[in-house]
1. Say we look at region 48-74 and pick out the residues that are at pLDDT 85 or above and surrounded by fewer than 10 Cβ atoms within 10 Å (Cβ to Cβ); which of these is farthest from residue 119 (Cα to Cα)?
2. Suppose we filter region 117-128 for residues that are surrounded by fewer than 16 Cβ atoms within 10 Å (Cβ to Cβ) and assigned to a helix (DSSP H, G or I); how many remain?
3. For the subset of region 75-116 comprising residues that are surrounded by 14 or more Cβ atoms within 10 Å (Cβ to Cβ) and in a strand (DSSP E or B), which member is farthest from the chain's Cα centre (by Cα)?
């Protein structure tokens, strides 16, 4: 009877040992798979890095004259930014805010502290709507023509 009891315990211990070995093998297999997947991902990332390194670098727009046409439409601009982008003086930007001008007001917003803000998309749209080709190869805006007429009439 003691032998049968001991035999049952040994069988139980052997069964537990086999289960632990199977769990360990499963964990080791999972770790191997995870390691292989990480190696594959690293190889793919290296390929992407190599591809990006081989492409020529594109020049980044450094002035608002360039950025105005490439930035997102919701980008907020200051009076100085708009003046730089359009090649105007600050006073010319303020002059173009008047709704009674020949082209209507340059679209803008006033913040709580009376700071003027322009949206790049609205400025681009306003420019495109008011640009007039005066002569093949030369572009002259209607606002510029109006200002020249006013100066000429004043003299």
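The values are calculated or read from the model by the stated rules, or taken from the named source; none is laboratory data. Since we're looking at a predicted model, the values are computed, not measured. Counting neighbours? That spans all protein chains shown, and the Cβs are built from the backbone with ideal geometry, glycine included.
1. 72
2. 4
3. 116
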